[in-house]
1. Got a sec? How would 121, 214, 108 order by Cβ neighbour count within 10 Å, fewest to most?
2. Any idea what the relative contact order of the chain is, in percent, if you count C-alpha pairs under 8 Å spaced at least 6 apart?
3. With angles folded into 0 to 90 degrees, how steeply does helix 47-57 sit against the dominant principal axis of the chain? Use alpha carbons for both and round to 10.
4. So what is the 222 nm mean residue ellipticity for the chain from helices alone, if each DSSP H run of at least 4 adds -39500 (n - 2.57) and you divide by all residues, rounding to the nearest 500 deg cm²/dmol?
5. Using Cβ counts within 10 Å as a stand-in for footprinting exposure, how do 38, 5 rank, fewest first?
6. Most mobile of 11, 83, 99 per a Gaussian network model of the chain (Cα springs, under 10 Å)?
7. For a Förster distance of 30 Å, can you work out the FRET efficiency between the beta-carbons of residue 84 and residue 107, rounded to the nearest 0.05?
8. For the chain, with a Gaussian network of springs between Cα atoms less than 10 Å apart, report the residue from 131, 48, 165 with the top mean-square fluctuation.
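Just so it is clear, none of the values below were taken in a lab; they were calculated from the coordinates. Not measured: the values here are computed from a predicted model. In this analysis, Cβ positions are derived from the backbone assuming ideal geometry, glycine residues included, and neighbour counts consider all displayed protein chains.
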C-alpha cells in the first residue's frame, strides 16, 4: 500500500525525504510537489522505472516524460549543445515554470521513450523537490494524473487517480502554480548567434518575457510552431521535439 507523508510536519519531513530517495533508488515511483502541479517521478536512468511511470499515467513511449534537474550545471551534462542564448534563458527562468527541449547528449545511457534524440529539461522552484533532486540526480517527472484527466494540485487528487501504482506520496499542501503548467519551448533551433525558438505550450513564462531575454532569437508562437512542424524536414526532428516535450497541457 502506498505511503503518504505530510511534509508540512517537521517530524515527518526527514523520514519522507529518506523514503523517497530509497524508493527512487530501487526503481519505484514517487509523487512530489513542484512549483506548477504535482508530479510523478522516477529515476531517469532506470528504464523500468520510466516504463512504470508511463504505465501509471496510461501513456505510451510516444510521450516521453520531461526530466527535472537540480542546477544549470547538469544542463551541460544532459544536453548535447548549450549555446549562450540557451544558457541565458535557463539562468533567467530557472528555477521556474519553463521546460526547455534540447538535443540530448548522445553518450547518455537512458531510455525515456521515443524522444527522437531530444530531452525536455526543467529546474522546479520548490525547495523540497530541489533538495531531493540534489540527492538523487535527474528525475523523469510527468504530471501526477491519468492521461486526459486534470493535473493534480494536491496529493489527494493525485492519489485518487494513481492509487497504489505509486509507492510514496509527498504531501506539501496545495501546489503553488494554481494549475498553471510550465511553458514548453523547443530550443533545438537556437544557435550562438540567434536562430529560432518554438513555443510548444504556453504556461508560466510568457512569450514577452522570453523575447526580452533572447533579443536575437526568432520566437515562433503556437500557431507558427504548428505550421513549422507540418513542414519539418524528412528526418522528423521538429515533430520529435514535440514528442520529447510531452506537450500535453498537464505536464509538471
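1. On the way: 121 24, 214 21, 108 16.
By the 10 Å Cβ count, ascending, the order reads 108, 214, 121.
2. On the way: 578 pairs, mean separation 71.6, N = 252.
Relative contact order comes out at 28 percent.
3. 80 degrees
4. -10000 deg cm²/dmol
5. Details: 38 30, 5 21.
In order of increasing Cβ crowding within 10 Å: 5, 38.
6. 11
7. Values: r = 23 Å, r/R0 = 0.75.
Efficiency at R0 = 30 Å is approximately 0.85.
8. Among 131, 48, 165, the largest GNM mean-square fluctuation belongs to 131.
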